[in-house]
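J.: The structure that follows is given in the form of structure tokens.
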Amino acid sequence: MIHAFSGNAAVAYAMKQINPDVVAVYPITPQTVAMERFADFVADGDVDTELIMADSEHSAMSCCIGASLAGGRVMTSTASAGLALMWEVLFVAASNRCPIIMNVMNRALSAPINIHCDHSDAMGARDSSWIQIHAENVQEAYDNIIQAVRIAEHENVRLPVMTNMDGFTLSHATERMETLEDQQVQKFISEFKAIYPLLDVDNPVTYGPLDLYDYYFEHKRQQVEAMELAYDVIKKVGQEYGKMTGRSFDMLHPFEMEDAEVAVVVLGSTSGTARVAVRAMRQKGIKVGLVKLRVFRPFPKDELREMLKGMKAVAVMDRSDSFGAFGGPVFSEVRSALLGEDVEVVNYIYGLGGRDIRQDQIEQVITDMSTVAKTGKVKSFVTYLGVR
Amino acid sequence: MVSLKKLSEKEELLAPGHRLCAGCGASIIVRQVLLAAETPVVIANATGCLEVATTIYPYTAWRVPWVHSAFENAAATIAGVETMYQLKKRKGEITRDIKFLAFGGDGGTYDIGIQALSGALERGHDILYICYNNGAYMNTGIQRSSATPKGASTTTSPAGRVIPGKKRFPKDLTAIVAAHNIPYCGQTSPSFYNDLTGKVQKALSTEGPTFLNIISPCPRGWRHETDESIAMAEEAVTSCFWPLYEVENGAWRLTGYSKQIAEGKKEKTSVIDWMKKQGRFRHLFTETRKSFLESIQEEVDREWENLKKRCGY
Amino acid sequence: MKEKGWKECLWGGLIVDAGNSVLYKTGDWRSQRPIRDEQKCTDCLQCWIMCPDAAIKVKDGKIVGIDYDYCKGCGICCKVCPFDAIEMKEEGEK
């Protein structure tokens with residue numbers, strides 16, 4: 001079906017079609033509208049879901065953990081400070097292997113308070129053992145949520161999945177998009193399989209014991225493995241979903257990379273703007289390509305390396321900063337993935353607090369890359385793009 | 001009145017081999033609670049003594065489904081479990097009755113967990129939250145909490161040359177919980193197992209959120225001999241420091257020994273005598289701190305009179 | 001218990017062997033040992049309901065012994081007995 005949906009409406013619609021057992025949530029801009037819409041579905045009996053309007057995001061995620069371990073499909077949504085408040089229990093959800101699906105409408109962190117987009121919320125949670133998928137547009141945001149259910153619940157994975165979309169840029173932008181039929185979604189996600197549910201009172205289990213130096217390390221090693229196995233699952237689920245919809249889903253989405261000499265790496269809604277910039281600069285004779293990073297966790301290091309090796313220069317666009325570090329979080333990862341390759345990798349931090357990123361700015365980045373490629377010299381490894 | 005003989009026929013759901021201290025009040029409370037439960041239960045436990053000492057991996061003392069998530073979220077965690085149960089019951093996927101319990105210490109309940117508790121109570125989950133209240137963060141080495149009695153010396157409210165231990169009275173959490181207008185809440189003590197098990201059974205047979213605040217002596221933190229735990233819990237009640245009462249659908253009622261004191265059938269003992277038996281108050285028994293000590297007796301007396309009034313005496 | 005590798009243990013510290021703490025004997029913490037006088041004991045079960053370690057063994061409503069595998073020697077049973085039927089003795093003392 002074709003709809004004109006905002007990101008929030010698409011999220012609510014995807015959740016309606018998934019029909020999760022329990023949703024626990026707390027309102028925060030720019031995610032609130034999605035939850036209002038979903039509350040309407042619950043109020044009208046369009047879903048079977050039990051909805052918990054929690055007292056905070058910390059409690060919302062804690063409710064999700066309890067509900068997930070009880071043995072059922074659980075979803076939530078948040079942004080910014082909400083994700084930050086969940087930080088402690090994000091780790092608990094992941095290490096207890098709760099396949100919770102959480103949509104994050106990426107928003108800047110305080111202070112000063114700012115309701116607009118950047119990725120500092122998601123990047124702050126990058127080490128929590130949650131799978132992270134980033135959407136370019138409303139269509140992808142919808143598609144990612146449906147796929148996330150299969151990824152999270154896969155027996156080799158059993159990790160929570162965070163589907164990210166840019167706050168306001170996508171959450172409040174209305175786009176033309178297609179949805180699957182309800183039955184198609186149900187068939188695709190299939191039945192939830194509970195493993196060691198708390199509600200099985202005849203087979204009592206203990207979750208979350210005190211785990212000291214004799215076993216904690218082993219349990220963390222298991223999470224590493226789950227992330228590694230998730231890689232394959234994400235690809236396969238993407239292919240299967242792609243076959244059904246005619247759209248393609250992978251860890252990385254290259255554009256004009258076949259003969260590219262310089263490249264831009266970006267995630268989220270900026271990918272669209274970057275694509276237009278690449279096209280324009282190609283017309284000016286610069287052999288530039290684009291790599292959209294769809295999945296940030298697990299980080300597709302090998303594939304990225306294959307795609308970027310041989311480039312003369314690579315610009316990594318970060319919509320958050322890691323204060324005091326050498327560049328933003330995406331930059332650090334891309335650069336270490338390219339360790340040993342003769343590629344200059346530079347970083348552009350942009351768009352903090354919703355600062356708009358324009359086509360001409362990305363074209364300037366591409367021009368810079370072209371210069372680096374020609375001269376072999378980097379003026380600055382980290383550039384703050386669009387700051388006065 | 002429960003029959004101990006009957007209770008003794010039930011399975012012990014908290015297995016021995018747990019590593020709570022000798023004479024710990026928490027394990028006595030948990031045993032009594034689980035023996036009183038007449039249906040299967042699922043438990044969420046806040047971080048604390050009870051949690052760490054009963055589940056040192058790869059061992060668990062729990063013979064019931066049990067989950068620990070974090071310090072401040074036992075109420076939210078059990079609310080999630082209970083919500084999934086309600087859904088499965090509604091869909092007909094589960095037919096049997098299961099009850100949902102949360103255990104938290106006073107730190108996890110009065111302090112860091114009060115928001116999650118308040119939220120769960122307001123939303124109306126069908127749960128019983130039990131605070132085993134030993135009046136400090138015992139697990140991490142006896143730091144003061146908002147349940148620590150006035151005058152108690154803890155590692156973060158130490159009695160010094162100038163300051164005589166904790167300066168303020170504990171907050172009245174049971175009354176705060178009652179103000180949520182939940183169907184049932186109360187206070188009890190493991191020394192009066194009839195009162196405790198009776199209240200647990202009442203709470204578990206009540207639909208909606210219920211809460212019990214249970215005093216839990218801690219030999220390490222209270223500084224008394226390990227064999228004194230039950231005596232300390234008892235004297236907390238007889239001195240009216242820890243009155244036994246319940247609030248059922250807005251009606252306040254004294255129960256057991258406290259009711260008998262109010263009705264003149266039992267003698268109210270001195271809170272100062274109770275304090276004298278605990279090392280955490282030792283520093284108060286000097287000539288210079290006499291008036292401070294007396295202020296504690298006055299406060300306990302005043303609160304007791306207030307409670308009696310609320311209960312219609 | 002032999003320590004397992006990460007491929008062998010269940011994820012996240014999940015324990016499915018409910019009540020396996022019985023494999024951990026806390027009896028050796030004890031410095032004092034409760035001794036029950038069967039003559040004085042009336043099987044009132046006060047000691048049983050007050051024991052922090054479920055170490056008073058009861059069968060058919062009668063006390064059949066003290067489980068020294070788990071008794072930590074706190075002495076609560078001795079203190080709460082209305083009939084002075086339990087005595088605490090130093091470990092090692094006859």
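J.: Of all residues in the range A:134-165, which are over 22 Å from A:GLY72 (Cβ atoms) and among the hydrophobic types (A, V, I, L, M, F, W, C)?
T.: A:ALA135, A:VAL138, A:ALA141, A:MET165
J.: Is it true that B:ARG31 is more than 9 Å from chain A (Cβ to nearest Cβ), farther than 25 Å from A:HIS58 by Cβ and in a helix (DSSP H, G or I)?
T.: Spelling it out, B:ARG31 is indeed more than 9 Å from chain A (Cβ to nearest Cβ), farther than 25 Å from A:HIS58 by Cβ and in a helix (DSSP H, G or I).
J.: Out of the range A:169-226, which residues are hydroxyl-bearing (Ser, Thr, Tyr) and either at pLDDT below 95 or under 24 Å from the mean Cα position of the chain (by Cα) (or both)?
T.: Answer for the range A:169-226, where residues must be hydroxyl-bearing (Ser, Thr, Tyr) and either at pLDDT below 95 or under 24 Å from the mean Cα position of the chain (by Cα) (or both): A:THR169, A:SER171, A:THR174, A:THR179, A:SER190.
J.: Just the residues that are out of contact with any His (no Cβ under 8 Å at 6 or more places or on another chain), assigned to a helix (DSSP H, G or I) and surrounded by fewer than 19 Cβ atoms within 10 Å (Cβ to Cβ), please, taken from the range A:336-360.
T.: Matches in the range A:336-360: A:SER336, A:GLN359, A:ASP360.
J.: Let me ask something additional. Can you name the residue in the range A:37-56 that is within 26 Å of A:TYR196 (Cα to Cα) and of a type in the set (Val, Ile, Thr) and, of all such residues, is surrounded by the fewest Cβ atoms within 10 Å (Cβ to Cβ)?
T.: Top of the filtered list is A:VAL47.
J.: Has the range B:201-208 got at least one residue that is within 14 Å of chain C (Cβ to nearest Cβ), under 25 Å from B:ARG310 (Cβ atoms) and either out of contact with any Cys (no Cβ under 8 Å at 6 or more places or on another chain) or surrounded by fewer than 24 Cβ atoms within 10 Å (Cβ to Cβ) (or both)?
T.: No: zero hits.
J.: Out of the residues in the range A:83-117 meeting the condition of being facing another protein chain (nearest Cβ under 9 Å) and of a type in the set (D, E, K, R), tell me which one is surrounded by the most Cβ atoms within 10 Å (Cβ to Cβ).
T.: Per the criteria, the residue is A:ARG97.
J.: Related question: I'm checking my understanding of the structure. Among residues of the range B:16-28 that are touching a Leu at 6+ places or on another chain (Cβ under 8 Å) and outside any loop (DSSP other than H, G, I, E, B), which one is farthest from C:ILE56 (Cα to Cα)?
T.: B:ALA26
J.: So which of C:GLY5, C:GLY19, C:GLY12 is within 12 Å of chain B (Cβ to nearest Cβ) and modelled with pLDDT of 95 or more?
T.: C:GLY19
J.: Then there's this: In this structure, is A:ILE101 under 30 Å from A:TYR216 (Cβ atoms) and under 16 Å from the mean Cα position of the chain (by Cα)?
T.: yes
J.: Here is a follow-up. Can you tell me which condition B:PRO58 does not meet? The list is (1) touching a Pro at 6+ places or on another chain (Cβ under 6 Å); (2) free of Cβ contacts under 8 Å to residues at least 12 places away in the same chain, and all the others hold.
T.: (1)
J.: Among the residues of the range A:271-292, how many are part of a helix (DSSP H, G or I) and touching a strand residue (DSSP E or B) at 6+ places or on another chain (Cβ under 6 Å)?
T.: Selection size over the range A:271-292: 5.
J.: Out of the residues in the range C:39-67 that are in contact with a strand residue (DSSP E or B) (Cβ under 7 Å, 6 or more places away or on another chain) and surrounded by fewer than 15 Cβ atoms within 10 Å (Cβ to Cβ), which is nearest to B:ALA233 (Cα to Cα)?
T.: C:LYS57
J.: In the range B:261-272, is there at least one residue being of a type outside the set (D, E, K, R), under 20 Å from B:LEU196 (Cα atoms) and out of contact with any His (no Cβ under 9 Å at 6 or more places or on another chain)?
T.: yes
J.: Can you pull out every residue in the range B:275-305 that is out of contact with any Pro (no Cβ under 9 Å at 6 or more places or on another chain) and charged (D, E, K, R)?
T.: Within the range B:275-305, B:LYS276, B:LYS277, B:ARG282, B:GLU287, B:LYS290, B:GLU294, B:GLU298, B:GLU299, B:ASP301, B:ARG302, B:GLU305 qualify.
J.: Pairs only if they're at least six apart or on different chains, beta carbon under 7 angstrom, first in the range A:207-225 and facing chain B (nearest Cβ under 8 Å), second part of a loop (DSSP other than H, G, I, E, B) and hydroxyl-bearing (Ser, Thr, Tyr); list them, first residue then second.
T.: Between residues of the range A:207-225 that are facing chain B (nearest Cβ under 8 Å) and residues that are part of a loop (DSSP other than H, G, I, E, B) and hydroxyl-bearing (Ser, Thr, Tyr), the close pairs are A:GLY208/B:SER69; A:PRO209/B:THR55; A:PRO209/B:TYR57; A:PRO209/B:THR60; A:LEU210/B:THR55; A:LEU210/B:TYR57; A:ASP211/B:TYR57; A:TYR215/B:TYR57.
J.: Checking the conditions here, which among A:SER80, A:SER59 is facing another protein chain (nearest Cβ under 9 Å) and either in contact with a strand residue (DSSP E or B) (Cβ under 9 Å, 6 or more places away or on another chain) or crowded, with 18+ Cβ neighbours inside 10 Å (or both)?
T.: Unique residue meeting the criteria: A:SER59.
J.: On the given criteria, is B:ALA251 out of contact with any Leu (no Cβ under 7 Å at 6 or more places or on another chain), closer than 26 Å to B:ALA75 by Cβ and without any contact (Cβ under 8 Å) to a residue 40 or more places away in the chain?
T.: Spelling it out, B:ALA251 is indeed out of contact with any Leu (no Cβ under 7 Å at 6 or more places or on another chain), closer than 26 Å to B:ALA75 by Cβ and without any contact (Cβ under 8 Å) to a residue 40 or more places away in the chain.
J.: Please specify each residue of the range C:1-23 satisfying the condition of being in a loop (DSSP other than H, G, I, E, B) and surrounded by fewer than 18 Cβ atoms within 10 Å (Cβ to Cβ).
T.: Hits for the range C:1-23 are C:MET1, C:LYS2, C:GLU3, C:LYS4, C:GLY5, C:TRP6, C:LYS7, C:GLU8, C:LEU10, C:VAL16, C:ASP17.
J.: Pick out the one residue from A:ALA274, A:ALA315 that is more than 17 Å from the chain's Cα centre (by Cα), crowded, with 24+ Cβ neighbours inside 10 Å and within 27 Å of A:SER128 (Cα to Cα).
T.: Checking each option against the conditions leaves just A:ALA315.
J.: Among the residues of the range B:33-60, write down those that are among the small types (Gly, Ala, Ser) and surrounded by fewer than 23 Cβ atoms within 10 Å (Cβ to Cβ).
T.: Listed by number, the residues that qualify are B:ALA36, B:ALA37, B:ALA53.
J.: Continuing with this model, one more query. Is there a residue being over 20 Å from B:GLY208 (Cα atoms) and touching a helix residue (DSSP H, G or I) at 6+ places or on another chain (Cβ under 8 Å) anywhere in the range B:108-115?
T.: Yes, that holds for at least one residue.
J.: Let me ask something additional. Check B:VAL30 against each of (1) in contact with a Gly (Cβ under 6 Å, 6 or more places away or on another chain); (2) buried (at least 24 other Cβ atoms within 10 Å of the Cβ) and name the one condition it does not meet.
T.: Condition (1) is where B:VAL30 drops out.
The values are calculated or read from the model by the stated rules, or taken from the named source; none is laboratory data. Just so you know, these numbers come straight off a predicted model, no measurement behind them. Virtual Cβ from ideal backbone geometry, glycine too; neighbours counted across all protein chains shown.
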